[in-house]
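Single-structure report; data block below.
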Amino acid sequence: MSCTESEPASFMQESLCQKLKTTVREIISFSICCGFLLNQHYNPAFVSLQMMKHAWDNYKRYAWGLNELKPISKQGHSSNLFGNIQGATIVDALDTLYIMEMKEEFKEAKEWVEKNLDFNVNAEISVFEVNIRFVGGLLSAYYLSGEEVFRKKAVELGEKLLPAFNTPTGIPWALLNIKSGIGRNWPWASGGSSILAEFGTLHLEFVHLSHLSGNPVFAEKVMNIRKVLNRLDKPEGLYPNYLNPSSGQWGQHHVSIGGLGDSFYEYLLKAWLMSDKTDEEGKKMYYDAVQAIETHLIRKSSGGLTYIAEWKGGLLEHKMGHLTCFAGGMFALGADGAPNDKTGHHIELGAEIARTCHESYDRTSMKLGPEAFRFDGGVEAIATRQNEKYYILRPEVIETYMYMWRLTHDPKYRQWGWEAVEALEKHCRVDGGYSGIRDVYNNHESHDDVQQSFFLSETLKYLYLLFSEDDLLPFEHWVFNTEAHPLPVLHKDNGNKEENQK
């Protein structure tokens with residue numbers, strides 16, 4: 001009896017084949033999760049490497065040099081976030097290729113950057129997205145490989161982003177034409193405001209641009225953002241998502257630790273860590289913000305799930321976004337420096353957020369998390385609106401599992417990570433790569449036909465690190481930007497090391 005034939009000879013044979021396939025799948029899953037596969041040296045880290053190879057090979061085959069891949073249509077996909085700049089997937093994936101020791105792939109990616117990565121384009125770009133993906137990706141590739149082309153390209157692009165800061169307050173525009181230097185904000189953003197998560201997520205990269213170029217202007221621009229923020233009153237100690245770059249005043253008093261706010265808080269903590277814990281201002285801003293978040297936004301559902309609500313003019317919306325799930329890892333990463341013996345409390349807070357986000361995955365048909373989930377109307381950790389039920393290969397939940405594993409070594413985080421691998425392989429893997437899903441509560445896949453660049457940069461990297469040893473990119477020497485690009489801690493004793501090597 002062959003179980004590989006497309007049409008089994010009988011219903012009984014079909015049933016037996018299905019049972020056999022299911023049993024084999026279960027054996028393989030169990031074996032891989034335990035770190036072996038039928039006496040071969042397979043393990044979960046190897047599986048995430050194979051996933052990376054599938055994603056990369058199909059990008060190379062069908063969309064090489066373009067920004068992203070449409071894995072069902074098997075063609076390129078371009079987002080207006082990058083304007084006419086091309087190669088987002090290549091630059092975003094450089095460090096993942098290097099870390100996974102995919103040497104040939106890294107070499108061809110480096111050659112593309114040398115020959116084809118061009119910033120001399122007449123196009124409007126998102127300052128935030130280009131910074132975290134392109135500047136962050138190039139910096140990380142340089143620090144890992146030492147290849148000078150990456151440093152030069154990072155500094156060149158950084159210089160092209162500087163006109164975004166030409167506002168009355170120095171709070172940068174969201175959008176910038178990198179040829180004309182003309183900037184503007186998103187038309188939907190609260191009366192022409194800049195967005196907290198966008199202007200607040202430049203600090204790590206711009207400090208490193210100054211470090212590598214010897215030009216202090218990059219660091220000065222982001223330090224000025226702090227000065228503006230510190231002059232402002234914060235409602236209940238919270239930072240609204242909108243700030244007008246002309247008046248220097250808050251826009252609507254909406255507060256979120258998810259979209260529009262998220263990585264601002266992450267970068268306060270990581271700026272302190274990246275400074276070898278000398279950036280006392282960043283430290284104070286972070287822990288003060290966490291205190292306000294705990295007081296006003298963090299709640300517990302009747303079923304015992306801890307979640308982070310959104311704050312709109314003093315009223316709570318009991319909704320949590322997938323993006324907010326990064327906060328579990330952030331709380332745990334910052335636990336060691338927490339004031340007043342609160343280290344254990346911050347670790348526990350991270351664990352509770354991780355559990356809630358795992359529940360948001362576990363309560364769907366596909367075991368993949370929705371874009372947002374709610375805690376009202378009798379539901380907990382479930383999306384109730386159709387436009388919140390999609391999954392676009394986002395990394396934040398796996399990111400938190402990775403941090404929680406590294407900081408606690410509780411095996412459930414690797415188990416939960418493995419569940420995500422199985423779900424990605426079952427529902428998102430297609431012949432031409434990996435695709436997002438339109439409704440994770442449906443039993444039948446409806447793919448969105450986009451392989452996001454951050455799937456290679458973040459999701460697969462965090463999976464690989466989750467299943468690798470702790471000495472691969474150890475936290476005492478590296479911090480990850482919000483696109484998972486590792487940047488070295490600037491240790492006090494070797495702060496001029498890079499300049500001395502040039």
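The values are calculated or read from the model by the stated rules, or taken from the named source; none is laboratory data. Please read these numbers as outputs of a predicted model, since none were measured by experiment. A quick note on method: Cβ atoms are made from the backbone with ideal geometry, for glycine too, and the neighbour counts reach across all protein chains shown. Side chains are part of the model used for accessible areas, which takes the heavy atoms of the whole protein and leaves out ligands, DNA and RNA. Shrake-Rupley method; radii C 1.70, N 1.55, O 1.52, S 1.80 Å.
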Taking 7 Å along the Cα-to-C-beta vector as the label spot, tell me the Leu81-Ser446 distance in nanometres, rounded to one decimal.
2.3
Run the accessible area of the range 197-243 with a 1.4 Å probe and give the carbon-and-sulfur part as a rounded percent.
47
List the chymotrypsin sites (Phe, Trp or Tyr not before Pro) within the range 409-443 that DSSP assigns to loop and that have no more than 16 neighbouring Cβ atoms inside 10 Å.
Tyr441
Students often check this: by mean Cβ neighbours within 10 Å, which of 128-141, 58-71, 311-324, 292-305 ranks highest, and how do the rest follow?
128-141, 58-71, 311-324, 292-305
Heavy-atom surface of the chain, accessible at 1.4 Å and reported per residue (Å²):
40
Run the 1.4 Å probe and let me know the accessible area of Ser213, rounded to the nearest 10 Å².
40
Amide H neighbours of Val479 at under 5 Å, excluding residues fewer than 5 places away on the same chain, with H built from the backbone geometry, are Leu487, Val489
C-alpha long axis of helix 217-231 to longest principal axis of the chain, angle in °
80
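For the range 438-496, what is the charge dipole size about the Cα centre, in debye to the nearest 20, if Lys and Arg each add +1 at the Cβ and Asp and Glu each add -1 at the Cβ? Don't jump to the answer; show the numbers that get you there.
Details: 3 positive and 11 negative charges, 32 e Å.
Dipole about the Cα centre, nearest 20: 160 debye.
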Correct choice for Kirkwood radius over Cα pairs in Å that was computed from the model, options (1) 23.5; (2) 27.7; (3) 25.7
(1)
Calculate how steeply helix 280-296 sits against the longest principal axis of the alpha-carbon atoms of the chain, using the helix alpha-carbon long axis, and give the answer as 0 to 90 degrees to the nearest 10.
60
Could you check the simple spin-label distance between Arg429 and Glu317, using points 7 Å along Cα→Cβ, in nm with one decimal?
3.7
Taking Cα atoms, the helix 11-33 axis meets the longest principal axis of the chain at an angle in degrees (rounded to 10) of 40
Helix-only mean residue ellipticity at 222 nm, the chain, DSSP H runs n ≥ 4 weighted -39,500 (n - 2.57), per residue, nearest 500. What is it?
-13500 deg cm²/dmol
When you count, for each residue, the other Cβ atoms within 10 Å and take the mean per peptide, how do 393-403, 459-469, 178-188, 421-431 rank with the highest first?
393-403, 459-469, 421-431, 178-188
Which of rounded, prolate or oblate describes the range 172-306 when judged by the alpha-carbon gyration tensor and an a/c cut-off of 1.5?
oblate
